[in-house]
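J.: Before anything else, here's the structure in question.
Please treat every number below as a calculation from the coordinates, not as lab data. Predicted model only: the values in this text are computed from it and were never measured. Cβ sites come from the backbone with ideal geometry, for glycine too, and all protein chains shown count toward neighbours.
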Amino acid sequence: MNERPETDARPPEEHGENLEGERSAAIRDSLAVGLATAAYGISFGALAVAAGLDVWQTCFLSLVMFTGGSQFALVGVLASGGVAAGGSAIATAAMLGIRNVVYGMRMKPIVDGADEAHGIWRRVAAAWVTIDESTAVALAQSTDRAARIGFWATGITIFVGWNVTTLAGALIGDALGDTKAWGLDAAAAAAFLGLLWPRLKRFQAGAVAVAAAIVATLATPVLMPGLPVLVAAVVAVVVGWFDLFTRRPAA
Amino acid sequence: MTTWHIILIASAATLALKLAGHLVPAGFLERERPARIADLLTVALLSALIAVQTLGAGQQVVVDARVPAVIVAAALYALKVPFIVVVAVAAAVAAGIRAFV
């Protein structure tokens, strides 16, 4: 799922007067982002079935895993390596889910709001819908109250929409038959590119993307399917640890 | 391992990560270096998946109809065309090349 640019935060509004306006702005943002995101559940459903999952397994992933990057990655690795690449598929999906930990830490105080005494189920529900989009919409609001509304409205809109469109996509994929003739393998690559695109604003991210692609390609002939992607993750650890490829302005 | 095992383990892992963010006190991942690595990890994995999905065929590297499809997709993303449209166009480009070339 795409992360929205953080630059569209509105300027802080006058306090007290615009409560209603804030609320409707948060809901408007949520619906716009939510519906656009939910639409591409269709491509996930179709690709998962093309990778060999059945309709139940596909829907289970959207209901329980419910984080687009990990879902696409899991079915992508299974498509290239089959069940034998299961370990790599799990590791790749899990590593892509690490960013949700960071999102959760940012969303926790917003979800809690003023009173700390929330039930465990509400916490679990909040964690369940903590994804790129719900976090991005929440962070784009100007007050905590609007952020809370944006978080829940976006999360719930996408949860419902994503699961409906996943089922539709899985049924369509099931009916297609020969997926290569329909170009679904190229569609999977384009889907990953769409998830990556909004993250390439900084030079460092671009450098990591290029290096990781080269490493994965070079490793493909020598490693089992699934492993080249994991090896490429080392690029992120090395560049991130030493903070390489940062462009500092010339003094 | 069956496909169901893979799905259950991977789903448990990603769900546990989401819960960890909300239930475990903030700390480690808020520091600069771990936060930066977590961020770049997403970029590296997605980019590697693009490379393998575009050029890989089992353990071989091949250039076929997927390459022009991905180039078209990149151009469309640069023009801010919506995700679902780009994915459909990429599929159509690859399918068209395979049908007519």
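J.: With a 10 Å cut-off between alpha carbons and a GNM built on chain A, which of A:ASN163, A:ASN18, A:ASN100 moves the most?
T.: Highest fluctuation among the options: A:ASN18.
J.: May I pose another question? For chain B, what is the mean residue ellipticity at 222 nm derived from helices alone (per DSSP H run of n ≥ 4: -39500 (n - 2.57); sum divided by total residues; nearest 500 deg cm²/dmol)?
T.: One gets -25500 deg cm²/dmol as the mean residue ellipticity at 222 nm.
J.: Give the cross-link partners of B:LYS80 among the lysines, using a straight C-alpha distance below 22 Å as the criterion and excluding same-chain residues fewer than 8 apart.
T.: Within the straight-line limit of under 22 Å, B:LYS80 reaches these lysines: A:LYS201.
J.: Two-decimal Rg/Rh of the range A:18-182 from alpha-carbon positions, Kirkwood Rh?
T.: Here the Rg-to-Rh quotient is 1.04.
J.: Along the range A:143-153, what does the Karplus equation 6.51 cos²θ - 1.76 cosθ + 1.60 (θ = phi - 60°) give for ³J(HN,Hα), rounded to whole Hz, x for Gly and Pro?
T.: Each residue's phi maps through the Karplus curve to give 10, 4, 5, 5, 4, 5, 4, x, 4, 5, 5 Hz.
J.: Neighbouring Cβ atoms within 10 Å as the yardstick, rank A:PHE242, A:PHE159 fewest first.
T.: Ranking A:PHE242, A:PHE159 by Cβ neighbours within 10 Å, fewest first, gives A:PHE242, A:PHE159.
J.: Shifting gears a bit: Could you size up the charge dipole of the range A:141-251 around its Cα centre, putting +1 on the beta carbon of Lys and Arg and -1 on that of Asp and Glu, and report it in debye to the nearest 20?
T.: 560
J.: Right, something else. Counting other beta carbons within 10 Å of each residue's own, what order do A:THR143, A:THR37 fall into, fewest first?
T.: Values: A:THR143 16, A:THR37 25.
Ordered from fewest to most neighbouring Cβ atoms within 10 Å, A:THR143, A:THR37 come out as A:THR143, A:THR37.
J.: Among A:TRP162, A:ALA136, B:VAL70, whose Cα lies farthest out toward the positive end of the dipole of the protein assembly as shown, if unit charges sit on the beta carbon of Lys, Arg (+1) and Asp, Glu (-1)?
T.: Looking along the dipole axis, the top candidate is B:VAL70.
J.: Let me ask you something else. Would you mind pulling out the separation of the Cα centroids of the range B:1-41 and the range A:159-212, in Å?
T.: So the separation of the two Cα centres works out to 21 Å.
J.: Continuing with the same structure: What residue among A:PHE151, A:LEU53, A:LEU196 has its Cα farthest toward the positive end of the dipole of chain A, where the charges are +1 on Lys, Arg and -1 on Asp, Glu, each on the Cβ?
T.: Ranked along the dipole, the leading option is A:LEU196.
J.: Against the longest alpha carbon principal axis of chain A, how many degrees, from 0 to 90 and to the nearest 10, is the axis of helix A:41-50 turned?
T.: That helix lies at roughly 20 degrees to the long axis.
J.: Using the alpha-carbon atoms, what tilt in degrees (0 to 90, nearest 10) does helix A:68-81 show relative to the longest principal axis of chain A?
T.: 0
J.: Return A:SER142, A:SER62 ranked ascending by Cβ neighbour count within 10 Å, so the fewest neighbours appear first. Write out the running numbers ahead of the final one.
T.: On the way: A:SER142 17, A:SER62 24.
By the 10 Å Cβ count, ascending, the order reads A:SER142, A:SER62.
J.: Mind putting a number on the dipole of the range A:47-130 about its Cα centre? Charges go on the C-beta only, +1 for Lys and Arg and -1 for Asp and Glu, and I need it in Debye to the nearest 20. Show your work: numbers first, answer last.
T.: Numbers: 5 positive and 4 negative charges, 28 e Å.
With Lys and Arg at +1 and Asp and Glu at -1, about 140 debye.
J.: How far, in degrees from 0 to 90, does helix A:19-39 lean away from the longest principal axis of the Cα atoms of chain A, to the nearest 10?
T.: With rounding to tens, the tilt is 10 degrees.
J.: Ok, one more. Can you give me the relative contact order of chain A as a percent, contacts being Cα pairs under 8 Å and 6 or more apart? Walk me through the numbers before you get to the answer.
T.: Details: 316 pairs, mean separation 81.2, N = 251.
It comes to 32 percent, rounded to a whole number.
J.: Enumerate the whole-percent occupancy of each 20 Å bin, from 0 to the last occupied one, for all C-alpha pair distances of the protein assembly as shown.
T.: 31, 59, 10, 0
J.: Where does the range B:30-100 land on the Kirkwood hydrodynamic radius, alpha-carbon pairs, in angstrom?
T.: Evaluated over the range B:30-100, this radius sits at 13.9 Å.
J.: Report, in debye and to the nearest 20, how large the dipole of chain B comes out about its Cα centre when Lys and Arg carry +1 and Asp and Glu carry -1 on their Cβ.
T.: Working: 7 positive and 4 negative charges, 12 e Å.
Dipole size: approximately 60 debye.
J.: Need one number: nm distance between label points at B:VAL62 and B:GLU30, each 7 Å from Cα along Cα→Cβ, rounded to one decimal.
T.: Result: 5.1 nm between the two label points.
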